1. Could you state how much accessible area residue B:67 has, in square angstrom rounded to the nearest 10, with a 1.4 Å probe and all protein chains kept in place?
2. For the stretch B:1-151, rounded, prolate or oblate, judged on the Cα gyration tensor with a ≥ b ≥ c (square roots of eigenvalues), a/c < 1.5 rounded, else prolate if a/b > b/c?
3. Provide the buried accessible surface between chains A and B in square angstrom, both chains summed, 1.4 Å probe, rounded to the nearest 100.
4. How high is the FRET efficiency between residue B:19 and residue B:179 when r is their beta carbon distance and R₀ equals 56 Å, given to the nearest 0.05?
5. With the full set of protein chains in place, find how many percent of the accessible area of the stretch A:13-100 is carbon and sulfur; take the probe as 1.4 Å.
6. How high is the relative contact order of the stretch B:35-80, in percent, counting Cα pairs under 8 Å that sit 6 or more residues apart?
7. Which distances, in nm and shortest first, link the residue A:37 label point to the same label point in every other copy, taking 7 Å along Cα→Cβ?
8. Between residue A:69 and the same site in the other copies, what are the distances in nm, shortest first, taking label points 7 Å from Cα along the C-beta direction?
2 protein chains.
Amino acid sequence: MASSSNTPRNAAQARAQLLEAQDRFIASWGRMGSVWGISRTMAEVHALLYITGQPMCTDEIMERLGVSRGNVSMSVRSLLEWGVIEKVRHPGDRKEYFQAEQDVWSMLRAIARERIKREVDPLLDALDEIGELAPRVEGQSQEEVRDLHKRLDEIRDGFGLITTLAHKFAGPRGAGLQTAARLLAKAPVGRKKSHTSGRTKKGGDA
Amino acid sequence: MASSSNTPRNAAQARAQLLEAQDRFIASWGRMGSVWGISRTMAEVHALLYITGQPMCTDEIMERLGVSRGNVSMSVRSLLEWGVIEKVRHPGDRKEYFQAEQDVWSMLRAIARERIKREVDPLLDALDEIGELAPRVEGQSQEEVRDLHKRLDEIRDGFGLITTLAHKFAGPRGAGLQTAARLLAKAPVGRKKSHTSGRTKKGGDA
DNA sequence: TTTGATTTTCAGATTTCATTGAAAATCGCT
DNA sequence: AGCGATTTTCAATGAAATCTGAAAATCAAA
């Protein structure tokens with residue numbers, strides 16, 4: 001598909017390639033967003049701010065992404081609540097500018113944190129309530145009720161463990177996914193399969 | 001909210017409570033499903049089969065959940081692909097029955113596996129493509145291009161690490177989330193915060 | 001305080017995704 | 001092989017989420 005020249009002849013071409021690459025990233029991140037139950041625009045705004053690294057105002061975002069003012073306003077608010085972007089002000093300029101958190105791990109942590117809050121915590125609460133609904137009976141051959149509780153408990157334990165870990169490592173003050181990942185990466189396990197398709201340099205220094 | 005009698009007087013009441021509790025579980029799991037980008041019905045079918053533990057045929061599922069035949073058919077197929085339910089046949093009965101995987105960890109592993117396949121892998125592929133789009137230039141003050149690559153690499157490394165771990169621990173032949181969880185639970189980290197709302201027993205024996 | 005630029009809100013339009021239901025295909029039993 | 005029960009498919013429908021745009025609210029500067 002990408003047939004034409006890949007090496008820029010001049011500054012203008014290089015710039016066009018840069019924008020094109022940014023747009024592709026924005027689109028991918030946006031697609032991810034929808035899979036995650038995050039609105040596409042919200043993910044795109046985040047992608048734009050992250051990949052450019054520059055503070056941008058509402059109008060710039062609107063123009064670059066081609067979305068409405070209201071949409072940008074709501075997306076930006078959510079991102080602020082998630083703690084993955086922040087407001088910056090320019091002296092002598094009324095506009096608000098927004099800039100993305102630049103540390104990837106901190107960003108990933110914020111994402112994980114939000115998802116757990118929205119997905120897992122409510123389930124655990126519901127499981128607790130449900131358990132109280134059908135009291136464990138004493139005598140009787142109520143095998144079914146026993147099974148129900150066994151299964152509820154197992155799920156609760158499973159998700160409970162995951163949640164505890166998540167709070168520990170992905171919480172706002174947690175040790176960081178990075179730490180967790182390092183710990184696990186060293187753990188002795190049978191198989192091992194690299195995913196990179198070859199070209200990946202050497203990682204960062206973060 | 002749950003004001004009325006909580007201790008069943010007779011078998012019929014006990015049964016009603018059981019069904020009610022099951023329905024609540026099904027509803028919760030279904031809600032989780034939609035947050036995850038899984039169709040509500042698919043999650044509900046799974047919940048029903050898991051919580052009852054019994055093999056059920058299409059008509060029973062339709063009736064219990066109040067959904068169409070086509071919907072059940074499609075949901076069941078996806079669940080089979082995910083590997084979280086299986087077909088069982090009764091001798092002398094043409095119908096197909098379905099039964100849920102009963103091990104929670106194996107179930108959670110399957111879920112994690114599917115999500116990574118659908119969410120993370122495509123992103124990594126896209127990142128690779130995008131990187132090739134804007135070639136790193138040598139001379140020039142192309143700071144922006146350098147930044148772009150730095151950010152792309154960081155994201156790729158982050159998700160790459162997560163993916164590697166996931167394959168290692170959540171893959172079909174992986175060591176299991178359980179193992180990962182145990183490893184992490186022991187890891188020394190500052191804070192610690194219990195999530196359970198009190199009544200949780202002592203964990204299982206799994 | 002006034003002013004005009006900037007942001008927020010939200011009812012309605014739009015888009016996206018899940019579900020239905022009936023026709024077509026499949027499949028096990030005799 | 002033939003038959004009826006069972007499952008699968010998919011166009012049409014319905015429901016839900018998302019987005020727009022303009023009016024209302026906010027806010028910094030003069």
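1. 20
2. It is prolate, given that a/c is not under 1.5 and a/b is the larger ratio.
3. Roughly 7600 Å².
4. 0.95
5. Details: 2030 of 4270 Å².
That share works out to 47 percent.
6. Numbers: 27 pairs, mean separation 21.4, N = 46.
Reported as a whole number, the value is 47 percent.
7. 1.2
8. 5.5
The values are calculated or read from the model by the stated rules, or taken from the named source; none is laboratory data. Everything quoted here is computed from the prediction, not taken from an experiment. Please note: Cβ atoms are built from the backbone with ideal geometry, for glycine as well, and neighbour counts cover all protein chains shown. These accessible areas exclude ligands, DNA and RNA; they are computed on the full protein's heavy atoms, side chains included. Shrake-Rupley method; radii C 1.70, N 1.55, O 1.52, S 1.80 Å.
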